[in-house]
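First the structure, in the form of structure tokens, and then the observations on it.
The values are calculated or read from the model by the stated rules, or taken from the named source; none is laboratory data. Values in this document were obtained by computation on a predicted structure and should not be read as measured data. Here Cβ is always computed from backbone atoms with ideal geometry, including for glycine, and neighbour counts include all displayed protein chains.
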Amino acid sequence: MAGKAGHFVTDHASLLKACADGDKSALQQLMLAEGGRMLGVARRMLRRADLAEDALQESLVLIWRKAHQFDETRGSAKGWVYAILRNRCLTMLRREDREVPVSPGTLGEVLDDTTHQTILDEAFERLGTTSDLRQCLQSLEPGTRRAILSSYVLGYSHGEIAGHLGAPLGSVKSWVRRGLLKLRECLS
Amino acid sequence: MTDRSLDLLIDEVVLGLAGDADIARLEELARQDPDVAARLDQARQRFGALDDTADVLSLPDGLWARVEARLDAPEQHVPQAKAAPDNLIDLDTLRQSVGRWRRAALGGLAAAMLLAVVLGWSVLSQPGPVVVAVLLDDRGEAIALVESGRDNTTQITLLERPDMPSNQVMQVWTKPDDDGPPVSLGLLSTGRSDTLTIEGLPTPSPRQLYEITLEPAGGSPTNLPTGPIFGKGLAKAPVT
């Protein structure tokens, strides 16, 4: 369903404007065009199909309710849509309050290290070889790259990253910061 | 804030590493400053390349029907995230969805009963307004009707929709004391007619000023009117 819609170029901004005007078919179009990918993003973060579906459903309702706040002059429509989805997923993840380091295996859905690494590698490999983000991530220390990818792709908090890497929370925080500044320097 | 710390704040929010307070702070900054908004958007797009690496999954059956059913419903709290499963029996999912439907049905029933009680109460017992004001814009057009009760419960019926950007909100003011400062009665945050309540003000009197101004999202930062006046008018007591 989502694949079929992918053949068309979707004008997300017009669809959001139509949503703001109360056009439900615009939201449906957005769901058909972007929902499959959104579900994939949510699934990667939440790790459970049922939670990912809940997150997608909630996000679509939120997009509908907030569509009037979207301002085309302030940023891309696709970025806006994914920001809503990601916030929703993060809220669901953070409810369990995981600012303390989590040792792998204590929670049912914590990924074992291999799966974790496979998902991150896959995300990294799928970035186009010419992508600036890929080239700049490549230039980071492997541990820093892994930390940054874990937070974006898997929704890990500082605490969870620390748990996975077996490093103190404080060093992980400053480490991620240094990585982010380096990444920016490289990207600009 | 230095450029460097703003950059870090933006990156940490986009990555999902920032706390609620930082997220709120950045959103407010972006609302006020198009430059910050542009930088936030740029960071989102940079990392957004990673969203495109996720699998495209097929949408669950009936998703649209479930979404559509909620579009007209009044805003409700999003359901709490479920706890991690303690077993992996498929029945569990089924039970959860049955539970969800049951909760929705009971919730709907409760809402209907509450509405009946509230409506009945307000029809039967609501005393009439002690003052009424018609607010006019600068061209003399009526833009809103204000009716206030003895306890300053104020019903605002909009007669015009203001032409305002989405980052602004209508704020309602009154001057209980002719020589005193205007006091905020509240925001019309939905952009529609609404009833506002406030405590601690004297019973409104005839000739009392009411006005609606357009303020930044969240309301006037100074707690006094700062934005353009949408409309204003003096109250009168209805003839009874």
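Results, tabulated for the structure shown:
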read-out	value
Residues of region A:46-64 satisfying the condition of being more than 8 Å from chain B (Cβ to nearest Cβ), within 18 Å of A:A18 (Cβ to Cβ) and either free of Cβ contacts under 8 Å to residues at least 12 places away in the same chain or among the small types (G, A, S) (or both)	A:S59
Subset of region A:28-43 [surrounded by fewer than 22 Cβ atoms within 10 Å (Cβ to Cβ) and at the interface with chain B (Cβ under 10 Å from one of its Cβ atoms)]	A:Q28, A:L32, A:R37, A:G40, A:R43
Residue within region A:159-181 that is in contact with an Asp or Glu (Cβ under 7 Å, 6 or more places away or on another chain), closer than 25 Å to B:D3 by Cα, buried (at least 21 other Cβ atoms within 10 Å of the Cβ) and at pLDDT 95 or above present	yes
Qualifying residue in region B:149-166 (condition: touching a His at 6+ places or on another chain (Cβ under 7 Å), in a loop (DSSP other than H, G, I, E, B) and not assigned by TED's automatic domain parsing to the domain that holds B:L29)	yes
Only listed residue being on the phi > 0 side of the Ramachandran plot and either modelled with pLDDT under 90 or of a type in the set (A, V, I, L, M) (or both), chosen from B:G200, B:G186, B:G180	B:G200
Meets criteria (under 15 Å from B:I143 (Cβ atoms), of a type in the set (A, V, I, L, M, F, W, C) and in the same structural domain as B:D151 (by TED's automatic domain parsing)) for B:I198	no
For B:L135: the one exception among (1) within 25 Å of A:D71 (Cα to Cα); (2) part of a strand (DSSP E or B)	(1)
Any hit, region B:16-27, residues being within 10 Å of chain A (Cβ to nearest Cβ), within 25 Å of the chain's Cα centre (by Cα) and of a type in the set (A, V, I, L, M, F, W, C)	yes
